[in-house]
Structure formats: C-alpha cells, structure tokens
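Report on the structure given below.
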Amino acid sequence: MKTIRGRFRAAVLMGAAASVMAFAAGANAQNPNSNGNSWPYATTGRSPVLAVVGDVACQPGAEPSGEKAGENCSGDTIQNLVQSQAATANQIETMKPDLIAVVGDEQYQVGQYSDFENSFDLTYGAFKFIQRPAPGNHEFYNEHGAIGVAGYGYFSYYNGVQHCLIINSNCNAADGSVEMTTITNPETGSFTEPVPQADGQAGHFEETGGLGSAAGGGAVGVGDGWYSYNLGAWHLISLNIECETQPGFCSETGSWFASELEWLKNDLAANHSACTLAYWHQPTFSAADSLSLEGTTAQAFWQLLYEYGADLVLNGHDHLYARYRPLTPSGNYDPKKGIREFIVGTGGETLDQVVTTGTDAGAAFNAANLEAATGNYWGVMALTLDQHGYEWDFESAMKDPAQTTAPANFSDKGVGTCHGPVNGGGN
C-alpha cells in the first residue's frame, strides 16, 4: 500500500508540483538524522508547528443523486480536483508539522468509509496518525437530497471499525468480518457502512441514540467527536458543530449540543495553559457571507471561549483563506481580549470567493473586520505555537486555474500574543 500510494502521489503531482511552494523559516523542515527519517518522530527543540486545513478530498467515482456537478475527483472541466488536494498534501509533507488540525469536510460528498479509502487516504493518509480532525457537514450530510452517513465513515476511518466476534444485530456470524449497519432515511435512501470503534482518534462514537430510530430508519449511532489535547504551551480543543442531524438539533438546551457545551465549559475551567485555541468546521463569521445555522449556533462556543480567555478560533466550510481581526462573540473589535478567527477551507475542494461588497450586513461586516483573505488559491496554514504567542504563515500551494488575473501565489504571515486564560497561566 505504501508503494502504491507513493506512485499515486507522484503521478498526480506532476501537473501541480510547479505550484507547490516552500514554507518560510518559521515552518521549515527539520534536518534529517542519520537514517533520513527525522519527521515525524524526532524531537526538534523548536516551538511546535500545527498545520491547519479543511475541505479536502473530492468524491471518488459518481456523485450521489441530487449533488451539483463538478465536485467529484474528475468532474471539474478546468482541472482535476485530485491535483489540488495532492498539492496541499505535498505542502504538509514539506512543512513537516508536529500535528495537523483538519477543520472538517475531510471527505466529499457524504463521507462514506469507502470514499475516505479511495480519495482522502490516497493523499492525506500518508500522515494520518498526526492528524487531529474535526468533522464537517459532509461527514454528517443532510442536504441536497442526500441522507449522508451520520458520521459513520468519518469515525470508522479515524477510530477503526468493529469486527464480528459475537453474533449481534450487525453480525450473522462470529467470523471476524467487519460489522456493518444500514443507515436509512425513508425519503432519500440508504447507505451500508462499517460500525466504528467507540473511541479513538476522532473522539467518542455511541452506537445507539441517533435520529434514525425516530425517523423510522433503524438504530443509528451518535458521533460526539469533541476532545482536547496539549501541544507545547498551548491547549487545543476540537469541537463538533454538526448539530442539525443530532438529538435535540441545534438548540443549546437540546440533549446533544447541551452536553457538548457542558464538556467545553468543564474543559476550559480545568485549563491553565498559557494559550488556548479551538477549532470546528462551520464559522460564526463567514468570509463568503454564507452564515449557516451551525455557524450561528457556534456563537455559544465563542461565548465560553471568550469568557475563559481563549486566543484563536480555526474554521473551514468557506472554501477560502481568511483572517479576521480580534473579535468578541457578538462581532465587535476587541484588541485586548478578542479572539482571532482564521478560515482555512483550502484543502482541495472547489473554491469560494471572499465577499466584502454588497448591500447585506455580512458583506459590510467582512469589509470592516477582515485583515486578509483570498478565494483564489489552495493551501495550508502553518501555525507556530510559541510559549506566549503564535506565528501564522499561510502559503498558497496551487492557484485556481480559473483565476487568470490573480497573482501566481499568495502569502499571509504575521505574529500575535496570547492574553492567557482567566484562571491563570502556566502548565
């Protein structure tokens, strides 16, 4: 598999390699040790680097019924979307980060396990074990007439799958085969997916309690998928905002989202790190001026993060790169305590344009608060996590061929300082 994947990457990168850029000194590769294999195993002594990217992998094969054309791996008449996702994967390997925050929509269109295997894994699978993912709406899809797979493909890919060791509702024999279940919606059809392991790289998955039972489609599990971890002096929190398909929907008093908010509050209360960031998929402030129900709901995340002195929010969903000035949860500029939002939805899927002009409030808000943004390039942000601050460096990996008048590449870099949590700094 390693040899096949390497040949695949070499082939698809031939057309894109010329556009892949080296990163600045803050994200330079480590010098290899005597066996040439320093990354990702060696201890470097530098401030850790977190790669940030989302909205990555094209749909292999035919798209599900009801989807718009042009988002599968060979459906774009201008370019093959495998090229752009391979370009950002190659950029990550050049960057050699300590970890990777994948900010949702890892796999289009509905995130089936087989799609992860046949698209995302062929590029990003090379460094899967250092990824710290968050799910997106395409992992819990409920749009365009497609039922989606309720997170089953996402959790199966990252957590692993269960096997038939005893006879149960998903197993006709205790023969070691993969446990499979059918996720059905009476209106739009069904998918047969592996049953994920309960805990793993993507967080917790519960086999029962989902909305499928109430909809008449049989038992469906619930993917929570929130977790936190430390990297250097920083505390990092991966959250799941895909509330529309969960019990209680997107209400703060609904059973699923209320439990996540309670967990987040407890996690922040126990955090004494010098710096804190959180990430999830759908942004509260949309540079594409396409605010979603989930993005509005995520303001509850912002409120807790602001109260506990967090520094950064990282999102995807908008297929563009954007950096906002420090803001309050209500969107007011706050240079002292405000949280800076980055959107890095530039992993490989079709791109969106930044909206700063027009008659609606979202365009005016973006014009006033965006410090940098572009929808013309695919790329990855390197976020260097210093002891009391951070350095960001977004470099384009590949230009959208449709943008004939845009410059050949794009760069946005800078530094910021942490203001520390209200419950005190120091690990």
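The values are calculated or read from the model by the stated rules, or taken from the named source; none is laboratory data. What you are looking at is a predicted structure, and each value in this text was computed from that prediction instead of being measured. When we count neighbours, we look across all protein chains shown, and the Cβ atoms used for this are built from the backbone with ideal geometry, even at glycine. For the accessible areas, the whole protein counts, side chains as well, though only heavy atoms, and no ligand, DNA or RNA atoms are used. Shrake-Rupley method; radii C 1.70, N 1.55, O 1.52, S 1.80 Å.
Would you point out which residue out of 385, 314, 320, 291 is at negative phi, among the aliphatic types (A, V, I, L, M) and modelled with pLDDT under 95?
291
What do you reckon, is residue 309 in a loop (DSSP other than H, G, I, E, B) and open to solvent by 20 Å² or more (accessible area, probe 1.4 Å)?
So residue 309 fails the test.
If a residue has to be polar (S, T, N, Q) and touching a residue at least 12 places away in the same chain (Cβ under 8 Å) to count, how many in region 221-258 make the cut?
6
Looking at region 126-149 only, could you name the residues that are of a type in the set (Gly, Ala, Ser) and either within 14 Å of residue 202 (Cα to Cα) or within 13 Å of the chain's Cα centre (by Cα) (or both)? Don't jump to the end; show me each part of the working.
Quick first cut of region 126-149, residues of a type in the set (Gly, Ala, Ser) only: 126, 134, 136, 145-146, 148.
Answer for region 126-149, where residues must be of a type in the set (Gly, Ala, Ser) and either within 14 Å of residue 202 (Cα to Cα) or within 13 Å of the chain's Cα centre (by Cα) (or both): 134, 136.
Look through region 315-363, keep the residues that are among the aromatic types (Phe, Trp, Tyr) and open to solvent by less than 30 Å² (accessible area, probe 1.4 Å), and return whichever of them is nearest to residue 402 (Cα to Cα). Before the answer, list the steps.
Let us first name the residues in region 315-363 that are among the aromatic types (Phe, Trp, Tyr), namely 321, 324, 333, 342.
Now narrow it down to the ones that are open to solvent by less than 30 Å² (accessible area, probe 1.4 Å): 321, 324, 342.
Working: 321: 17, 324: 26, 342: 24 Å.
Residue satisfying both the conditions and the ranking: 321.
Hey, could you check region 369-427 for residues that are polar (S, T, N, Q) and within 19 Å of the chain's Cα centre (by Cα) and say which is surrounded by the most Cβ atoms within 10 Å (Cβ to Cβ)?
Taking the candidates together, the pick is 396.
Which of the following residues is open to solvent by 60 Å² or more (accessible area, probe 1.4 Å), of a type outside the set (Val, Ile, Thr) and more than 23 Å from residue 51 (Cα to Cα): 179, 143?
143
Matching residues to (1) part of a loop (DSSP other than H, G, I, E, B); (2) modelled with pLDDT under 95:
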{"position": "181", "(1), (2)": "no, yes"}
{"position": "215", "(1), (2)": "yes, yes"}
{"position": "248", "(1), (2)": "yes, yes"}
{"position": "259", "(1), (2)": "no, no"}
{"position": "263", "(1), (2)": "no, no"}
{"position": "267", "(1), (2)": "no, no"}
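Quick check on my filter: what residues within region 114-137 are surrounded by 24 or more Cβ atoms within 10 Å (Cβ to Cβ) and either hydroxyl-bearing (Ser, Thr, Tyr) or closer than 17 Å to residue 189 by Cβ (or both)?
Within region 114-137, 115, 119, 123, 124 qualify.
Among (1) open to solvent by 20 Å² or more (accessible area, probe 1.4 Å); (2) touching a Leu at 6+ places or on another chain (Cβ under 8 Å); (3) in a helix (DSSP H, G or I); (4) more than 25 Å from residue 370 (Cα to Cα), where does residue 304 come up short?
With (1) open to solvent by 20 Å² or more (accessible area, probe 1.4 Å); (2) touching a Leu at 6+ places or on another chain (Cβ under 8 Å); (3) in a helix (DSSP H, G or I); (4) more than 25 Å from residue 370 (Cα to Cα) applied to residue 304, the lone miss is (4).
Just checking, which of 397, 382, 402, 408 is under 25 Å from residue 119 (Cβ atoms), part of a loop (DSSP other than H, G, I, E, B) and among the hydrophobic types (A, V, I, L, M, F, W, C)?
Going through 397, 382, 402, 408 in turn, the sole match is 402.
Look through region 263-291, keep the residues that are small (Gly, Ala, Ser) and without any contact (Cβ under 8 Å) to a residue 60 or more places away in the chain, and return whichever of them is least open to solvent (accessible area, probe 1.4 Å).
278
Checking residue 190 against (1) among the small types (Gly, Ala, Ser); (2) part of a loop (DSSP other than H, G, I, E, B); (3) modelled with pLDDT under 90, only one condition comes out false. Which one?
(2)
Do we have residue 40 as farther than 30 Å from residue 146 by Cα, part of a loop (DSSP other than H, G, I, E, B) and at pLDDT below 95 here?
Yes.
Please pick out the residue among 87, 57, 69 that is among the hydrophobic types (A, V, I, L, M, F, W, C) and at pLDDT below 80.
69
Hey, can you tell me all the residues within region 347-368 that are over 24 Å from the mean Cα position of the chain (by Cα) and on the phi > 0 side of the Ramachandran plot?
Within region 347-368, just 358 meets the criteria.
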